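Chemist: Sharing a structure below in structure tokens format, with a few things to ask.
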Amino acid sequence: MRKIINLLVVITLAFCMGACSDENGKNGIPVSTVTFTLSEINNLKEVSYTEASVTYKNLTNAIEKNEKVSIRDNRFALNMPQGLYSISFEAKGTYKLDGKTHNTTFKALINPATVKGETCALSFNPFVYSENAGFVIEEIFYAGTVYPNTQKPYLGDQYFKITNNSDKALDAGGLTLVETKFNSSTKFDYTPDIMGEAITADAIYSIPSNGEKKYMVQPGASIIICDKATNHKESNPNSFDLSKANFEWYDKSTNSTTDTDNPSVPNLDKIYCYTLSTWIPSQQGNRAYALVDMKEKDGFLEKYKYEYSWKMIIPKTGKEKIMHSSTYKIPNAWVVDAVQLSTPDKHKWNVVNASLDAGYTYCGKSSNDKSKHGKCVRRKVLSTTADGRKILQDTNNSTDDFERDAVPSLAD
């Protein structure tokens, strides 16, 4: 009888210990059932998650664990030991934007996250992640401003805003700004056709890089590259203060029109420009602009010259004439980002390959639309990370990726 009683005691204790183990988890640490909710992502529709996983690291003992999860109605649950954590989420998936379906990777982070109580609720703010993300052209202010009283054009305040769209610091040294030779309002059958392999280049300016000094740009941070780095508001209240720009392009002119050089703002290295005067980005908005990683800066002008020809019909006679010209070409493989500008009334073609930009963007619906002054094209925000960093939309289609006739960020 005593043996039976002892056996019952052992069984009872084992049951109790098992129950406590289920409730407390390993090492007697209480376990919480944590319900995670995935918040909606601005601008994105029909978001679908697959191959999702969560990695949680205990900030007290540094123990880390990864678990696959199944998502239903933007929710999933995990049993986790109570404690203070850094919790990251990653998933493959799709979303719809402007009627098009895109494949992507989603990420999110909660740090710190407190897990306590029998049940616990936490929320992720997912964002679109790209392994190939890097520098992008966020904003182009090309149309210039006008004087408030006379409405006459004011020159010198054009700028480009370049943003690090990745999740790590990047060196901008050597990053090169290019304006294309060909324009979107005039199309000929140029021979040889290099569209599939390169872009034409009529203005090439590079951020200085000597191989030693780096110009690091943090994730989400931007640099301003401008024409004249002065406080333009002193001359024109409609303009901006560009005296604190990161870089300016400076041209030594051969005529009476001289450039302005701010000694406090570094100059871009001028590799080539078609004009012997001062370069002004096309105010007609019919060129493409590219950020380029110059793989072969030394000897570039000797190696990458592009000589081409095309047929032109003489209006009065109707006769054909073979025209010849030359410029420089830059391999598509060097292009980090490209934005095609055009206007709907004059658009004949894109002057960069569709793999670089499948659309175009603009200020003003026509090339003569005076409402374009004081406006810019500005890249849309796709999503925002938990720490507030904006992820800019980059589908290589400027029709979808940019806000047209936007308020410049320097005027916000």
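The values are calculated or read from the model by the stated rules, or taken from the named source; none is laboratory data. Bear in mind the structure is a predicted one, so any value in this text is a computation, not a measurement. All Cβ positions, even for glycine, are placed from backbone atoms using ideal geometry, and neighbour counts span all protein chains on display.
Chemist: Could you list all residues from the range 31-42 that are in contact with a Phe, Trp or Tyr (Cβ under 9 Å, 6 or more places away or on another chain) and among the polar types (S, T, N, Q)?
Modeler: Scanning the range 31-42 gives T35, T37, S39.
A quick yes/no check of all residues on (1) closer than 30 Å to F127 by Cβ; (2) among the hydrophobic types (A, V, I, L, M, F, W, C):
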residue: N165; (1), (2): yes, no
residue: L170; (1), (2): yes, yes
residue: E197; (1), (2): no, no
residue: A201; (1), (2): no, yes
residue: S206; (1), (2): no, no
residue: I224; (1), (2): yes, yes
residue: Y250; (1), (2): no, no
residue: Y272; (1), (2): no, no
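Chemist: Still on this model: If we scan the range 158-167, do we find a residue that is touching a Pro at 6+ places or on another chain (Cβ under 7 Å), part of a loop (DSSP other than H, G, I, E, B) and of a type in the set (D, E)?
Modeler: yes
Chemist: Shifting gears a bit: Please state which one of K319, K270, K305 is closer than 19 Å to M195 by Cα and either in contact with a helix residue (DSSP H, G or I) (Cβ under 6 Å, 6 or more places away or on another chain) or surrounded by fewer than 16 Cβ atoms within 10 Å (Cβ to Cβ) (or both).
Modeler: Residue meeting the stated conditions: K305.
Chemist: Just to be sure I understand, how many residues within the range 201-216 are over 21 Å from the mean Cα position of the chain (by Cα) and either surrounded by fewer than 23 Cβ atoms within 10 Å (Cβ to Cβ) or farther than 30 Å from A354 by Cα (or both)?
Modeler: 7
Chemist: Going residue by residue through the range 167-180, is there one that turns out to be more than 27 Å from Q393 (Cβ to Cβ) and touching a residue at least 40 places away in the same chain (Cβ under 8 Å)?
Modeler: no
Chemist: I would also like to ask the following. Would you point out the residue of the range 344-392, among those that are of a type in the set (S, T, N, Q) and in contact with a Ser or Thr (Cβ under 7 Å, 6 or more places away or on another chain), that is nearest to A406 (Cα to Cα)?
Modeler: Checked the range 344-392; the qualifying residue nearest to A406 (Cα to Cα) is T361.
Listed here are the residues, each with its yes/no results for (1) acidic (D, E); (2) crowded, with 18+ Cβ neighbours inside 10 Å; (3) modelled with pLDDT of 95 or more.
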residue: T180; (1), (2), (3): no, yes, yes
residue: Q218; (1), (2), (3): no, no, yes
residue: D227; (1), (2), (3): yes, yes, yes
residue: T230; (1), (2), (3): no, yes, yes
residue: E234; (1), (2), (3): yes, no, yes
residue: S239; (1), (2), (3): no, yes, yes
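Chemist: Give, as residue ranges, the strands (runs of 3 or more DSSP E) completely inside the range 65-140 that count at least 3 residues that are over 24 Å from G28 (Cα atoms) and more than 17 Å from the chain's Cα centre (by Cα).
Modeler: It comes to 83-97, 100-115.
Chemist: Among the candidates D357, D401, which residue alone is more than 30 Å from T37 (Cα to Cα), of a type outside the set (G, A, S) and buried (at least 22 other Cβ atoms within 10 Å of the Cβ)?
Modeler: Matching residue, one of D357, D401: D357.
Chemist: Still on this structure, please answer the following. Any residue in the range 372-390 that's assigned by TED's automatic domain parsing to the domain that holds D400: show its pairings with residues that are of a type in the set (F, W, Y) and part of a strand (DSSP E or B) at Cβ separation under 6 Å, as long as the two are six or more apart or on different chains.
Modeler: Qualifying pairs under 6 Å: C376/F141; V377/F402; R379/F402; S383/F127; T385/F127.
Chemist: Could you grab me the full set of residues in the range 147-166 that are of a type in the set (S, T, Y) and without any contact (Cβ under 8 Å) to a residue 60 or more places away in the chain?
Modeler: T150, S166
Chemist: Collect the residues in the range 360-381 that are surrounded by fewer than 20 Cβ atoms within 10 Å (Cβ to Cβ) and under 17 Å from A288 (Cβ atoms), keeping them in residue-number order.
Modeler: The answer is S367, and nothing else.
Chemist: With respect to S239, determine if the residue is among the small types (G, A, S) and touching a strand residue (DSSP E or B) at 6+ places or on another chain (Cβ under 8 Å).
Modeler: Yes.
Chemist: Just give me the residues in the range 377-406 being in contact with a Pro (Cβ under 8 Å, 6 or more places away or on another chain) and closer than 20 Å to V352 by Cβ, in sequence order.
Modeler: Within the range 377-406, just R378 meets the criteria.
Chemist: Moving on to the next point. Does the range 353-365 contain at least one residue that is in contact (Cβ under 8 Å) with a residue 12 or more places away in the chain, aromatic (F, W, Y) and more than 21 Å from D202 (Cα to Cα)?
Modeler: No, that holds for no residue.
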